[in-house]
Each structure stands twice: as structure tokens, then as C-alpha cells.
1. Sorting check: for 233-240, 321-328, which peptide has the highest mean count of neighbouring beta carbons within 10 Å, and how do the rest follow?
2. Please give the contour-minus-distance gain from residue 254 to residue 222: 0.36 nm per residue of separation, less the Cα-Cα distance, rounded to one decimal in nm.
3. Measure off 7 Å from each Cα along the Cα-to-Cβ vector at residue 68 and residue 271, then give the distance between these two points in nanometres to one decimal.
4. What does the C-alpha gyration tensor say about the overall shape of segment 189-286? Classify as rounded when a/c is under 1.5, otherwise prolate if a/b is larger than b/c, or oblate.
5. Connecting C-alpha atoms closer than 10 Å in a GNM of the chain, tell me which of 44, 244, 262 has the biggest fluctuation.
6. Once you've got the GNM for the chain with C-alpha springs shorter than 10 Å, pick whichever of 198, 189, 273 has the biggest mean-square fluctuation.
7. For a Förster distance of 41 Å, can you work out the FRET efficiency between the beta-carbons of residue 83 and residue 232, rounded to the nearest 0.05?
8. Provide the gained length on full extension for the span residue 185 to residue 156, in nm with one decimal, where the gain is 0.36 nm per separating residue minus the Cα-Cα distance.
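Taken together, the values in this text are just the output of simple stated rules run on the coordinates, not laboratory data. As the structure is a prediction and not an experimental result, all values here were calculated from the model. Here the Cβ positions follow ideal geometry from the backbone for every residue, glycine too, while neighbour counts run over all protein chains shown.
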Amino acid sequence: MDGDRVEIDGGVMEGGGQILRVSTALSCLLGLPLRVRRIRAGRSQPGLRPQHLSGLEMIRDLCDGQLDGGEIGSTEITFTPGKIKGGTHIADTKTAGSVCLLMQVAMPCVLFAASPSELRLKGGTNAEMAPQIDYTVLVFKPIIEKFNLTFDCDIKRRGYYPQGGGEVIVRMSPVKQLSPINLTERGTVTKIHGRAFVAGALPIKLAKDMASAAVRCIRKEIRDLYVNIQPVREPDNQAFGTGSGIIIVAETSTGCLFAGSSLGKRGKNSDRVGIEAAEMLLGNLRHGGAVDDYLQDQLIIFMALANGVSRVKSGPITLHTQTAIHFAEQLTKVSPENGEEYY
């Protein structure tokens with residue numbers, strides 16, 4: 001069997017966990033035995049971290065596969081997939097590792113299960129170096145559903161760095177095939193809204209300060225729209241630990257969605273958090289594409305699996321997107337075109 005394994009170099013290009021997510025999801029879907037070497041070689045702490053191992057174990061379990069080398073710190077794994085099954089699948093990072101990244105690796109697989117699936121994902125919901133769960137619900141979900149799929153995302157409890165403790169339940173029914181998408185016309189911005197949140201011991205004033213700073217920043221460039229950012233305190237029974245942050249979403253006349261977000265941390269001024277999110281949003285609006293920089297790479301696996309040609313106009317292709325394209329092409333033999341419009 002080893003001679004038939006697809007060999008993946010986990011240290012090339014972006015050199016991080018995304019290579020694992022894309023390659024193992026496609027391995028599971030396509031029935032391709034896989035070996036991944038030099039896992040996360042591009043990171044300061046190479047090898048599997050708890051969230052990566054949780055994702056691998058969930059993929060193994062949902063297809064009755066075999067995983068060798070699955071331990072914290074491992075820089076090489078082999079994976080032999082079985083048959084994808086529906087039902088309830090659980091992944092717990094036991095840290096603040098992102099539940100959204102767990103969702104990225106599992107969702108494409110259970111789309112093609114024989115029966116409906118429920119993913120119970122535990123860890124951080126609003127974590128650094130990953131999409132916030134609010135981004136997943138407000139931006140990722142409505143755009144991904146254009147591929148002719150639907151899913152429900154139930155935020156049971158939010159969890160923050162360093163403890164995690166969050167829980168999200170994702171429910172979805174299988175599909176026969178994915179439809180291609182066409183996102184090439186951005187249209188004009190018609191609505192800007194968002195939420196600034198605090199949880200745990202932090203005062204609501206921090207959320208109000210983040211929201212006010214973000215609104216002031218956006219109005220310097222966009223003066224003709226009401227910017228509605230709501231400051232909120234997460235209910236104590238729906239959040240674990242202490243955290244703060246903000247997400248802002250812009251909607252357009254053609255159904256495109258763009259976002260900017262930021263998280264608070266000790267010693268970081270709340271105005272700075274709001275301004276960071278606003279500047280990220282404005283940057284995503286300036287490039288003229290139809291998706292923001294953080295949706296680009298998340299679309300690639302769905303585009304590769306869709307039955308037909310998808311067209312998406314983006315801003316400059318990020319390294320994460322280039323990496324996703326590279327490994328999707330290696331495993332599926334689908335050849336996307338690099339450039340502002342990719343297929």
C-alpha cells in the first residue's frame with residue numbers, strides 16, 4: 001500500500017496546518033492513502049498541535065480510517081481512509097484550538113456521507129490565527145451555501161484563549177453533488193453591520209469603545225451608509241472564560257460579503273481592536289474582488305469538488321490560497337487558474 005500513497009510535503013509554501021486540513025479531507029473524500037511529511041515545518045513549533053491531532057482523529061473516525069503517527073509533536077503521519085459515514089462525530093482540542101478550523105477539515109467529508117451528520121466541536125470559538133465563529137456564521141456559511149448545500153451551526157458556548165471550553169454543533173445532510181459558483185461581480189456596498197463583544201470579567205464599556213472606534217474609522221472612507229455595530233456582553237452561561245473582540249461585515253448589492261475582525265488581549269487598547277477590524281474590512285473592500293482575503297482559501301476545496309467550473313474574482317491571491325490550490329490540484333488533478341479570477 002505504501003507504494004500507492006500520495007506523498008505530501010507539509011513544509012512547502014504556507015507550511016502550516018492548512019496543508020493537513022486540505023490533504024486529509026481530500027484523501028478521505030477520494031479514498032487516497034496519504035503520507036504527510038515535515039508537518040508544519042514552516043512554523044516556530046513544528047509538528048502536530050492538539051487542534052491538528054483532534055482534526056485528524058475526527059477524520060479517521062468518520063471514515064473508519066487508519067492513522068499512524070498521530071501524536072502531539074509528530075512531524076509525519078500516514079492516513080488510510082475508509083468509507084465515510086454519517087452520524088455524530090466529536091472533536092475536542094482540549095485547548096483554545098479553533099473549532100472553525102476543525103469544521104474546515106470535517107465539513108467537506110460529511111457532505112458526501114451516506115446519512116446526515118452532526119459535528120460536535122470543542123475548543124476556541126474566537127481564537128487568534130483562525131476565523132472567528134462569527135465569521136463562519138455571517139460570511140462563510142451564506143457563501144458556501146451557494147454550492148447547493150445547507151448546514152446549521154449552533155453555538156452552544158463560546159470559548160477563548162487560553163482555556164478554550166467552547167462548543168459548536170454543526171448539522172448537515174449529505175448532497176449528491178456540489179454546484180459551481182460564480183462570484184465575479186462585487187456590486188456596491190449596501191449594508192455594514194457587526195458585533196463587538198465582551199465575556200467573563202470584562203466590562204461592557206470595552207465593547208462600546210471597540211464599536212465606536214470602528215465606526216469612526218469606517219466613516220472616514222464610507223460616509224453614506226449607517227454603520228451598525230452592536231456592543232454585546234455574552235451571557236455567562238453561554239461563554240467560558242474571559243474574552244473580547246469584534247467582527248464587522250459589509251454586504252453588497254450582488255450578495256457578496258466581506259469582513260474585518262480583531263480580538264482583544266491583555267495590554268491592547270480597545271480602540272486599537274476596533275480600528276484593526278475596521279481597517280481589515282476597508283482593505284478587503286479596496287481590492288475590488290468579490291470575496292475577502294480570508295474566504296479565498298476556504299473556497300478552494302469546494303470549488304475543486306463542484307460539478308462544473310466555478311469562477312471567483314478575488315484580490316491578490318494569498319499564500320494560504322496558493323497553498324490550497326497547490327494541494328487540491330495535486331490530489332484531485334483539477335487545475336485551477338492562478339490570477340485574480342480563479343476556477
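1. 321-328, 233-240
2. Answer, rounded to one decimal: 9.7 nm.
3. It is 5.9 nm.
4. prolate
5. Of the options given, 44 has the highest mean-square fluctuation.
6. 189
7. According to the calculation, E is roughly 0.40.
8. Taking 0.36 nm per residue and subtracting the Cα distance, the gain is 6.9 nm.
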